[in-house]
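Nothing in this text is a laboratory measurement; each read-out follows from the coordinates by a stated rule. Being a predicted model, the structure only gives us computed values, none of them experimental. When we count neighbours, we look across all protein chains shown, and the Cβ atoms used for this are built from the backbone with ideal geometry, even at glycine.
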Amino acid sequence: MATPEQIRAARALLQWKQSDLAEVSGISLPTINNIERGAISPRSGTVQKIRHAMEEEGIVFLDDSGVQRKKEIFDIQQYDGPEFIEKLHDDVFACLQSSTDELRMCALNERMFPKHVPDQMMRYARCYAPIGFVEKFLIKEGDTFLLAPPSAYRWIPKELMGKIPYMVYKNRFSLIMWEEKRVVIVKNQSIADSFRNQFDYFWGMGKKLPPNTPNQLDDPKFIAGLGIKAQIAAHK
């Protein structure tokens, strides 16, 4: 369980407002307010959702009614073979479950998805739709092959692009190696924050795409052709 005092203290450590906790935990703002004031005796399931939301952000609830930040985690997972993008998407959607969550991806070449994993590209689109988390993509200047609205992209010069595309989300930093069919996911807050800061710097200096740049997923002919490829890929 977690006491009102622990919830308030944990929220302070995370620099969250009550509305932030409500958003992440799925518990209503009035309920959060009443719990913290000790005005109600909440159900154990309600408190568990609140506690779980905070534990996911690195909070440890102590037996003596205190709280502290978890010692920094460093974990590496590597996935090889035909399901490498599926495993990456599994992790992305396990982490990003709110419209306020953010996914950043640098050195993106959207053509690789319909070329190598059309089925997973369409699965991503289906899973993304009901959540609608924030997407930010850095692509090579002049590239107009998009799989999301143009507002989600920024152009940066080719010389600033790395050779290996990477994603940053929550406390994850992930690398995609297309030729090797390999994904490496590093779970570490400091590393994720470092690359997030780098990404945001490039994003700030990047060029916005013309608003009429087409999204390939809005093209019925592209989707029709992709459907055949996806069926073939799914059976390989």
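Determine which member of the set Gln120, Gln77, Gln68, Gln97 is under 18 Å from the mean Cα position of the chain (by Cα) and more than 18 Å from Trp178 (Cα to Cα).
Gln97
Pairs, please: C-beta under 8 Å, at least 6 apart or cross-chain, first residue surrounded by 16 or more Cβ atoms within 10 Å (Cβ to Cβ) and in segment 104-133, second in a loop (DSSP other than H, G, I, E, B) and of a type in the set (Val, Ile, Thr)?
Note: pairs meeting the criteria are Ala107/Ile164; Phe133/Thr100.
Specify which of the listed residues (Glu56, Glu86) is closer than 24 Å to Leu13 by Cβ, surrounded by 13 or more Cβ atoms within 10 Å (Cβ to Cβ) and of a type in the set (Asp, Glu).
Exactly one residue qualifies, and that residue is Glu56.
What are the residues in segment 64-83 that are assigned to a loop (DSSP other than H, G, I, E, B) and more than 16 Å from Arg8 (Cα to Cα), if any?
Those that are assigned to a loop (DSSP other than H, G, I, E, B) and more than 16 Å from Arg8 (Cα to Cα): Lys70, Lys71, Glu72, Ile73, Phe74, Gly81, Pro82, Glu83.
Across segment 14-32, which residue is farthest from the chain's Cα centre (by Cα) among those that are assigned to a helix (DSSP H, G or I) and surrounded by fewer than 15 Cβ atoms within 10 Å (Cβ to Cβ)?
Among those residues, the one meeting the criterion is Pro30.
So the check is Cβ under 7 Å with 6+ separation or different chains; which pairs have a first residue in segment 43-67 that's on the phi < 0 side of the Ramachandran plot and a second one that's assigned to a helix (DSSP H, G or I) and among the charged types (D, E, K, R)?
Cβ pairs passing all conditions: Phe61/Arg51.
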